[in-house]
Amino acid sequence: MANPNDKLAKLLRTQPAKLDFLSALSEADRLKLAGDIEQARQAHSKHIRGSMEEALNQLPWLLRAPIKKLFGV
Amino acid sequence: MNIDRDTELRRLARVLHRDAAQLGHLAALDGAGLMKLRTLIQNSLLEEFAGLFEKIAASGKLAPDALSALLCRKVFGPSITANMSYYVPADRAARMCKHFDDEFMAEIAREQIPERAREQLEKLPVDLMRGVTRQMLASRDYHIMGGFTDYLPEDKAMILMEEIADPADSLRISSFAQRKDRVARLTAKMDDQQIRSLIEAAFKAPEFINEVGLVTAQMPPKDQQRMAKLSDAVDPKHRATARQAAEKNGTLEQLQPFFAA
């Protein structure tokens, strides 16, 4: 049977064992928490990618592709 | 450290882009659990792009400070600069900040994780922080200021408190600071008139009464007795109100010197 903390551990980039303190929450509450984290992660990711895109747009277009490659964007 | 649950819930709610009231499903977690969860979330968000930020920071390490700062302002912007700052040596980051204006620095601070910026806060000259403090007060970023209060060297915090004209703002910032013991020490250094103004502001709103109680509970008996005397000077009825709040938030025992004075 899957550990109910597995999904949260993946989202939080940690080991399920390190999330034992979340055992106080019911499975439904942990699911809701996972939804909250996923939404926050998506918002953060969109924000960072948008900021990076904006930064690249400041550069001459010929430089954008090699810099994207260099930074792995 | 005594973790105040409500303070931590407010901070976690900010990280999750939620209102504290929307986090009822976390009711079973205490303050320490919420803090652990918030730290894990913030670190995981940072780690997602850690490779990128590290590369950007490394690419500029040989450039003069002024040029790197110019790139941060004109190309990278505050969000990337803030995330990259954790990978730049703190003394260099402090030198680069000398080339930033108050607004840009405030924007960087809004994106930073205070726990991770601790070393930078130690190195950054307090005069550069004054403008940031004014900017944040104007934009009502109390949750960010409260987070930084936990890690700001106390001598610097004392100087920056001079920028806070409205005592209600001090209480709003304190409500997001977890280290109430630090706030207590800073408050104890205020003069009598400042503390009277703080008490007056506190008793105008129930959440502020709670906050001033949490802070006073962290004071040694002598300072609590001073708070009691000054509270009586503002209005002797305040003690009864404070007692009700203390009974509710579980600080009655810690506040014995206050109530016995």
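The values are calculated or read from the model by the stated rules, or taken from the named source; none is laboratory data. Worth saying up front: this structure is predicted, and the values here are computed from it rather than measured. Virtual Cβ from ideal backbone geometry, glycine too; neighbours counted across all protein chains shown. For the accessible areas, the whole protein counts, side chains as well, though only heavy atoms, and no ligand, DNA or RNA atoms are used. Shrake-Rupley method; radii C 1.70, N 1.55, O 1.52, S 1.80 Å.
Can you find a residue in region B:21-36 that is in contact (Cβ under 8 Å) with a residue 24 or more places away in the chain, more than 9 Å from chain A (Cβ to nearest Cβ) and crowded, with 18+ Cβ neighbours inside 10 Å?
Among the residues of region B:21-36, at least one is in contact (Cβ under 8 Å) with a residue 24 or more places away in the chain, more than 9 Å from chain A (Cβ to nearest Cβ) and crowded, with 18+ Cβ neighbours inside 10 Å, which makes the answer yes.
Name the residue, out of B:Ala82, B:Ala69, B:Ala117, B:Ala106, that is open to solvent by less than 10 Å² (accessible area, probe 1.4 Å), over 19 Å from B:Leu52 (Cα atoms) and either over 16 Å from the mean Cα position of the chain (by Cα) or aliphatic (A, V, I, L, M) (or both).
Numbers: B:Ala82 fails: over 19 Å from B:Leu52 (Cα atoms); B:Ala69 fails: over 19 Å from B:Leu52 (Cα atoms); B:Ala117 fails: over 19 Å from B:Leu52 (Cα atoms).
Criteria check complete, one pass: B:Ala106.
Which of the residues that make up region B:198-238 are in a helix (DSSP H, G or I) and farther than 22 Å from B:Asp4 by Cα? Break it down into steps so the answer makes sense when it comes.
We begin by selecting, within region B:198-238, every residue in a helix (DSSP H, G or I); these are B:198-202, B:206-216, B:221-234, B:238.
Listed by number, the residues that qualify are B:Glu200, B:Lys222, B:Gln225, B:Arg226, B:Ala228, B:Lys229, B:Leu230, B:Ser231, B:Asp232, B:Ala233, B:Val234, B:His238.
If the requirement is being at the interface with chain B (Cβ under 9 Å from one of its Cβ atoms), among the acidic types (Asp, Glu) and open to solvent by 90 Å² or more (accessible area, probe 1.4 Å), which of these qualifies: A:Glu27, A:Glu54? Break it down stepwise before answering.
On the way: A:Glu27 fails: at the interface with chain B (Cβ under 9 Å from one of its Cβ atoms).
Unique residue meeting the criteria: A:Glu54.
So, restricting to helices (runs of 4 or more DSSP H) that lie completely within region B:1-107, which ones have at least 1 residues that are under 23 Å from A:Arg49 (Cα atoms) and charged (D, E, K, R)?
Of the helices (runs of 4 or more DSSP H) lying wholly inside region B:1-107, those with at least 1 residues that are under 23 Å from A:Arg49 (Cα atoms) and charged (D, E, K, R) span B:5-15, B:31-48, B:50-59.
Which ones in region A:44-58 are under 16 Å from B:Ala82 (Cβ atoms) and aliphatic (A, V, I, L, M)?
Listed by number, the residues that qualify are A:Ile48, A:Met52, A:Ala55.
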